[in-house]
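K.L.:
Dropping the structure in here first, questions after.
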Amino acid sequence: MSKQLEKFISLLEEMFQFDQADLDFGIYRIMNQKREEIQSFLKNDLMPQVNQAFEKFKNYEVDVIKQELEQLEKQLSDMGVAKESSEKYQSLSAKLSQSVDTSALENDVYSHLTNFFKRYYSEGDFISLRRYKKDVYAIPYEGEEVKLHWANADQYYIKSSEQFKDYSFTLPSGKKVHFKLVEASTEQNNNKAQSGKERRFILSENSPIIENGNELYIHFEYTVDDKKRSREKINLDTLDDIYNCDRVNDWIKELKLLAPTAKNKNRTLLEKHLNDYTAKNTFDYFIHKELGVFLNRELDYYIKNEVMHLDDLDLQNEENFVRYLSKIKVIKSLGYKIITFLAQVEDFQKKLWLKKKFIVETNYCITLDRVPQELFKDIINNHEQLEEWKKLFSIELINDDLTTVGYSEPLKIEFLEQNRFLLLDTKFFDEEFKIKLLKSIENLDESIDGILINSDNFHALNLLQERYKQNINCVYADPPYNAKSSEILYKNSFKHSSWMSFMLDRIKLASNLKSKNGALITAIDENEITNLMQLFNEHFPYWEKNSISIVHNPAGVQGDNFSYSHEYAIFAFETQKGLIGKADRDEVSEEAFRDWGGTSARSLAKNCFYPIYVKNDAIIGFGDVCPDDFHPGTSNIINGDIIEVYPIAEDGEERKWVFARDTVESIIDNLIVKNRNGTISISRSKSKTSYKTVWTDKRYYANIYGSKLLNNILGSKKFDFPKSVYTVQDCLFAINSFREKDAIAVDYFAGSGTTGNAVINLNREDNGHRKYILIEMGEYFETVTKPRIQKIIYSKDWKDGKPVSREGSSHLFKYMRLESYEDALNNIIFNQTEEQLSALDQRMSTQAREEYFISYMLGMETKNSTTLLNIDKLTNPFDYKMKISNGSESKLQIVDLVETFNYLLGLQVKSIDFIKGCKLVVGNLKTNEKVLIIWRNSTEISNEQLNELLRQLDINSRDAEYDLIYVNGDNHIENLKVDESNWKVRLIEEEFKRLMFEVNDI
């Protein structure tokens, strides 16, 4: 094997992830399962095609002739005979000059293909950088006035800093091992770009290993390695350090249990998990959106500019010309096939990334005033619920007095009756209790005040599309700022480019949810404001974009030159007047309602000249706009006990009112009648004013109304850099449509839950019913986000983690957890059918085998995986299980197919019930169609039993009560046409699959 071929095969193995044989997660696990088949295909089917392509040019065996020449030359030299005088030598030389060195042609092909793919491939990703010439790159351009392009513009960003969560695994004995990342707090540990050095996971210098009973904690820092070691070398050194630590003496035997791979027979269990932990936070950050299209286009470009050289075309020698074209053809043919294979892998990942994710957990938190009293007995006997109430609400501090029933054990039902704002959490109760509770709630979705989603925000926004499209009044986001103290821990050197790709797809999904009179509000600071505005300007060119400066830290954060004391809120919305409301003035002012100055003439605004009717010094109405030929001559015309007041100046000049006739009635409460010695004039009080673009109120100080407020709610510091609740509150309230009491806000970087807190505060102020949807993927969802919302519902004020007043609000919120992208990858299984096996049979044609491998293998062999919706397993939808990770441990868990399907349909749920083994969901679609969804275990509930249930409930396909009926499993319900294209009764399986893989506009 030539060196060029070795280099090429090595690159292929890297691009197909074969160089990561010891990694046992995600796409690496998938590719490792297919390693031998793919390697066999490359070796036995693909690579020989290069040699075969040049076979016809082998007139002589070049290597044999060369060897004969060398031997003859040595013999002639030993005899002292000049080689030029030997006829045999001359004959062999002539043969050599006429022959073709096909090995050189093959090496040239491998060299070009290696150069091409290396140009775009880097550490697991394909970067869209077209090299025009040395150090110069071309960008796609179609004549736009301005073209924004960045290195990762054609990629999905699939991992954020929250993936650096703690990692745990369980040993065979049941003991647990935890890898924990020590939070980097210094610039050295937090700044990705430190003179171009890469950061690594290194065993922490301070207390690296701690044993606590049956749990072992191993601490890491993510920092620059001064020794410049590779990740693999650092891991080996880390293993040695752990094995040699006295604290792990009792753990060594299990930590050193073998977990071998084909490549590493001596791999230990600890080594396996250490490699997975460090690699999960190093690889798989991006998925190319159109890898096949991109690489095919670039290969054409490469061939035309770096393979085809006009000066090399030997038109006089037809044989040389044909060889030259053959080389180009081989490069193109083999390159296209490899690109097709790479695109298959990349598109497979893209399919998993874009598919709607399953809801793997759904629960509710509801205040006791909304819980039926017959369920109270179950509640007081639920130990887990009572312990949470102690932890969250300190109920043990409530004492008896003349009117109050204090805390006691066992708890009394009277205690529940008097503490109606305690939040019950359904996670502590069984399914039967949960169904009874949900059944008692009339118009379920309308009754839900908020939704919390624990998920990557891309997937959560993707799942919300059908249900909330163009229905959200305010979409708020407080993304990572990319400041040194809080930047995303990026893999590559494209810090800003990665951030822009990370933001773009999420902004586009969020914009789909925004209502016509709603707005996107994005908090940002000086690190990325320019890039954020560029994204908005390019993708929403006709929107209005306003940058509001908010002083949130008057002490400032010292930069190299300036001290930064403010951040920004970017308001982006479809241009329209009046979308932003008015703010309260610090002091109420009063001014004439009659316009004045150079633009106050009647002729400049004819619809602003009309009479205002005054009686007993009060405005009683407004007259019509006066005809052009009507001139009252005076500002006051007395008509009985009514005075008609016109906008006429003291000098008799006809002017105009400030407001036109069609809008003046909206401000009648602000108009004041002035009576000066019998002459009536109109003034206007101004208590409102337009929002300024600089906000300086002390209420926006993040330390006081963000950090200190949150610490008082939670009892200790558990979250860095929370916003002032008043900053978010005022941002939301600035949107006119959000002032409506039934408005909805989405925050897709929910963090500590400040937006939910702000919405609850606004509702308390004006008895509103505004709703919130909070999306947060961080591990602090359970320790910060959700507890904050629970606490602020129970009591409006807190001190040191204890409720002050216990003045709460009646409330119900739903919280959900979604399948992650990594879960999707880890639930992929390969299942080869007889047809697929025959395609791999060596007796099949090379062409058929090749087509299957490079285009269809992954999709065909994984279609029955649970993450791709295994239709066969929907026979019992209440027991549909997937492996769901918590840290590193993946456990089989029942997936909530019912709730997932509701969101896929975009269903507004009215009721949920469970009758005779069937779960019935009733709701409305956005098209106002009323829908009934019937879920059953079809192995237990036969079609006859299903029909009997429908008869008892007086439901049939002819019933006008429901426009659509969905049922899982084949059934005998008479299926009527809604119209020429739609049937009234539909199979859940078919609709589920279609909707799950339907791609939204991103």
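Laboratory data are not the source of any read-out in this text; all were calculated from the coordinates shown. Keep in mind that what you see is a predicted model, and the values were worked out from it rather than measured. In this analysis, Cβ positions are derived from the backbone assuming ideal geometry, glycine residues included, and neighbour counts consider all displayed protein chains.
K.L.:
Which net charge results for the neighbourhood of residue 881, defined as the other residues with beta-carbon distances under 14 angstrom from its beta-carbon, given Lys and Arg at +1 and Asp and Glu at -1?
P.N.:
Every neighbour counted, the sum reads -3.
K.L.:
Right, next: For residue 544 and residue 380 in one chain, what is 0.36 nm times their gap in residues minus the Cα-Cα distance, to one decimal in nm?
P.N.:
Stretched out fully, the residue 544 to residue 380 stretch lengthens by 53.6 nm.
K.L.:
So, one more: What are the ³J(HN,Hα) couplings of region 459-473, residue after residue, when phi is run through the Karplus curve with 6.51, -1.76, 1.60 and θ = phi - 60°? Round to Hz, x for glycine and proline.
P.N.:
Along region 459-473, the couplings run 5, 5, 4, 5, 6, 7, 4, 5, 6, 10, 4, 6, 10, 9, 6 Hz.
K.L.:
When only C-alpha pairs under 8 Å and at least 6 residues apart count, what is the relative contact order of region 709-794, in percent?
P.N.:
33
K.L.:
Further, regarding this structure: Which of 302, 509, 670 sits farthest toward the positive end of the charge dipole of the chain, with +1 on the Cβ of Lys and Arg and -1 on the Cβ of Asp and Glu?
P.N.:
In the chain, that residue is 670.
K.L.:
Please list, in order along region 764-779, the HN-Hα scalar couplings obtained from phi with the Karplus expression 6.51 cos²θ - 1.76 cosθ + 1.60 (θ = phi - 60°), rounded to whole Hz, x for Gly and Pro.
P.N.:
Karplus-based 3J(HN,Hα) across region 764-779 equals 5, 5, 10, 6, x, 10, 5, 10, 9, 10, 10, 10, 8, 9, x, 5 Hz.
K.L.:
Long-range amide H contacts for residue 798: which residues qualify at under 5 Å (H placed 1.01 Å from N, peptide plane, sequence gap of 5 or more or a different chain)?
P.N.:
Close amide H contacts, sequence-distant or interchain: 804.
K.L.:
Return the long-range amide H neighbours of residue 985 (sequence gap of 5 or more, or a different chain), with a cut-off of under 5 Å between placed amide H atoms.
P.N.:
When sequence neighbours closer than 5 places are left aside, the close amide H contacts are 965, 976.
K.L.:
Of 881/919; 176/263; 434/916; 118/357, which ones are farther than 25 Å apart at the Cα?
P.N.:
176/263; 118/357
K.L.:
Where does the charge balance sit around residue 667 when Lys and Arg score +1, Asp and Glu -1, over other residues with C-beta under 10 Å from its C-beta?
P.N.:
Charge balance near residue 667 sits at +1.
K.L.:
What does the net charge come to around residue 851 if you take all other residues with beta carbon closer than 12 Å to its beta carbon, with K and R at +1 and D and E at -1?
P.N.:
Summing Lys and Arg as +1 and Asp and Glu as -1 gives 0.
K.L.:
Related question: Sorting check: for 857-869, 444-456, which peptide has the highest mean count of neighbouring beta carbons within 10 Å, and how do the rest follow?
P.N.:
444-456, 857-869
K.L.:
If packing is taken as the average count of other Cβ atoms within 10 Å, what order do 528-534, 870-876 fall into, highest mean first?
P.N.:
528-534, 870-876
K.L.:
Among 711, 80, 437, which residue has its Cα positioned farthest towards the positive end of the charge dipole of the chain, with +1 placed on the Cβ of Lys and Arg, -1 on the Cβ of Asp and Glu, and the dipole taken about the Cα centre?
P.N.:
About the Cα centre, the residue reaching furthest to the positive side is 711.
K.L.:
Of the listed values [x] 30.9; [y] 34.1; [z] 32.8, identify the label whose number matches Kirkwood radius over Cα pairs in Å calculated from this model.
P.N.:
Only one listed value fits the structure, namely [y].
K.L.:
From the backbone phi of region 233-239, what are the Karplus-calculated ³J(HN,Hα) couplings (6.51 cos²θ - 1.76 cosθ + 1.60, θ = phi - 60°) in whole Hz, Gly and Pro given as x?
P.N.:
Per residue, the Karplus-derived 3J(HN,Hα) values read 5, 4, 4, 5, 5, 5, 4 Hz.
K.L.:
Right, another one. Could you sort the peptides 504-517, 645-658, 780-793, 374-387 by per-residue average Cβ neighbour count (10 Å cutoff), highest mean leading?
P.N.:
Output ranking for 504-517, 645-658, 780-793, 374-387: 780-793, 504-517, 645-658, 374-387.
K.L.:
Taking the dipole about the Cα centre of region 892-996, with the C-beta of Lys and Arg at +1 and of Asp and Glu at -1, give me whichever of 893, 918, 946 is farthest to the positive side.
P.N.:
893
K.L.:
In whole angstrom, note down how far apart the Cα centers of region 655-708 and region 895-961 are.
P.N.:
Region 655-708 and region 895-961 have Cα centres spaced 53 Å from each other.
K.L.:
Let me ask another. Considering only DSSP beta bridges where both residues belong to the chain, give the percentage that are antiparallel (nearest 5).
P.N.:
75
K.L.:
Okay, next question. Cα-Cα over 32 Å: which of 606/741; 175/883; 272/993?
P.N.:
606/741; 272/993
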